[in-house]
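The block underneath contains the structure these notes are about, expressed in structure tokens.
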Amino acid sequence: MSYQPLSFSDEFLIQLSRRPLDLVSLYENLNLTNVERSCVDRLAMILHDLEREKINSPSVLDLGCSGGFFSMGLASTVASYVVGVDDDRYITIQGEDNLSSVNNTKKRIEQHGITNAIFHDQPIENFLLQGNAQDRFDVVLCLNILHHFYKGYGNLTLEGKLEENTYYRLIARLGEITNKVMYFETNESFFDNYDKALLEILHYGQFSTLSLLGGSPAADGELRIVWKFQK
């Protein structure tokens, strides 16, 4: 089982570059065998919103990039360059397909001739808290990842759980590296107070606005909300 679609054709990338997006054609060009979520709906939401906001050729940071679906989708269509960051903790704990690893993602972009994306096999918290203080990205993707630092990785293990002060530092760092917009999604049930968690991101990240982008069904049928934090 993989969290994201890992096997898709060059035709899928061509379809992504067309406007308006044809979601039916996008789905038809995906291999969704043993895939937890199709991810097409969220990618389309983000592409539509970038067009609406007139954010052209953005630099993108994809935190928790997994198999690189969002990174590759944006790098092949609208982004000037994409940096993806992830490690194999979630894969190991959840027993997911190793094709989701960052090292396999590096091979995948070579197969599709994508040259404006790089991937770091590194814990996300290390990348954020120990990285270059000058790093900035127009767009940050934080899709279904932040709750791991609040509760721990897969199956509610304590692996990856951060101390409260470190967690708030991480949120502040998310705000520092975001030039324009952060797209955010997480499991509502993993937070003791979901509304408070959103307001903490807004406050500590020093974002100016928070708005609802759309809903996306998870593998268990739960509707997860994609939020937009804007500078």
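The values are calculated or read from the model by the stated rules, or taken from the named source; none is laboratory data. These figures come from a predicted structure and were not determined experimentally. So basically every Cβ, Gly included, is an ideal-geometry build from the backbone, and we count neighbours across all protein chains shown. Heavy atoms of the whole protein, side chains included, go into the accessibility calculation; ligands, DNA and RNA do not. Shrake-Rupley method; radii C 1.70, N 1.55, O 1.52, S 1.80 Å.
Quick one: grab the alpha carbon gyration tensor of segment 50-142, order the square roots of its eigenvalues as a ≥ b ≥ c, and give me rounded if a/c is under 1.5, else prolate or oblate depending on whether a/b is larger than b/c.
In terms of gyration-tensor shape, oblate.
How many angstrom lie between the C-alpha centres of segment 175-190 and segment 200-231?
Between the Cα centres of segment 175-190 and segment 200-231 lies a distance of 6 Å.
Rounded to the nearest 20 debye, what is the charge dipole size of segment 71-129 about its Cα centre when +1 sits on each Lys and Arg Cβ and -1 on each Asp and Glu Cβ?
Numbers: 4 positive and 8 negative charges, 47 e Å.
Charge dipole, segment 71-129, about its Cα centre: 220 debye, nearest 20.
Counting only protein heavy atoms and a 1.4 Å probe, tell me what percentage of segment 1-146's accessible area is made up of carbon and sulfur.
On the way: 2820 of 6100 Å².
In segment 1-146, the share of accessible area belonging to carbon and sulfur is 46 percent.
Considering the dipole of the chain built from charges on the beta carbon (Lys and Arg +1, Asp and Glu -1) around the Cα centre, which of 129, 189, 77 is farthest to its positive end?
77
Within segment 137-158, which residues have the backbone N less than 16 Å from the label spot 7 Å out from residue 230 along Cα→beta-carbon, could you tell me?
138-140
For a test of understanding, tell me how many lysine pairs in the chain have Cα atoms under 19 Å apart, given they are 8 or more places apart or on different chains.
9
Rounded if a/c is under 1.5, else prolate if a/b beats b/c, else oblate: with a ≥ b ≥ c from the C-alpha gyration tensor eigenvalues square-rooted, which is segment 140-231? Show your work: numbers first, answer last.
Details: a/c = 1.89, a/b = 1.12, b/c = 1.69.
Judged from the Cα gyration tensor, segment 140-231 comes out oblate (a/c at least 1.5, b/c at or above a/b).
Send over a whole-number figure in Å² for the accessible area per residue of the chain, probe 1.4 Å. Numbers along the way, then the final one.
Working: 10220 Å² over 231 residues.
Result: 44 Å² per residue.
If you plug each phi of segment 216-231 into the Karplus form 6.51 cos²θ - 1.76 cosθ + 1.60 with θ = phi - 60°, what whole-Hz ³J(HN,Hα) values come out, in order, with x for Gly and Pro?
Per-residue couplings from phi come out as 9, x, 7, 4, 8, x, 5, 7, 9, 8, 9, 9, 10, 9, 10, 7 Hz.
Show me, for segment 21-28, the HN-Hα J-couplings you get by feeding each phi into the Karplus relation (A = 6.51, B = -1.76, C = 1.60, θ = phi - 60°), rounded to Hz, glycine and proline as x.
5, 9, 5, 4, 5, 4, 4, 5
If you take the square roots of the eigenvalues of the alpha-carbon gyration tensor of segment 78-203 and sort them as a ≥ b ≥ c, do you get rounded (a/c under 1.5), prolate (a/b over b/c) or oblate? Don't jump to the answer; show the numbers that get you there.
On the way: a/c = 1.91, a/b = 1.24, b/c = 1.55.
Oblate shape, in that a/c is at least 1.5 and b/c is the bigger or equal ratio.
Let me have the relative contact order for the chain, percent, based on Cα pairs under 8 Å that are six or more residues apart.
17
Give, rounded to the nearest 20 debye, the magnitude of the charge dipole that segment 1-133 has about its Cα centre when Lys and Arg contribute +1 at Cβ and Asp and Glu contribute -1 at Cβ. Walk me through the numbers before you get to the answer.
On the way: 10 positive and 18 negative charges, 59 e Å.
Result for segment 1-133 is approximately 280 debye, rounded to the nearest 20.
With charges set only on the Cβ (+1 for Lys and Arg, -1 for Asp and Glu), what does the dipole of the chain come to about its Cα centre, in debye to the nearest 20? The partial results should precede the final answer.
Details: 20 positive and 31 negative charges, 122 e Å.
Using Cβ point charges on Lys, Arg, Asp and Glu, the chain gives about 580 debye.
What is the antiparallel percent of DSSP beta bridges lying wholly in the chain, to the nearest 5? Provide the component values of the computation, followed by the final result.
On the way: 14 of 35 bridges.
About 40 percent, rounded to the nearest 5.
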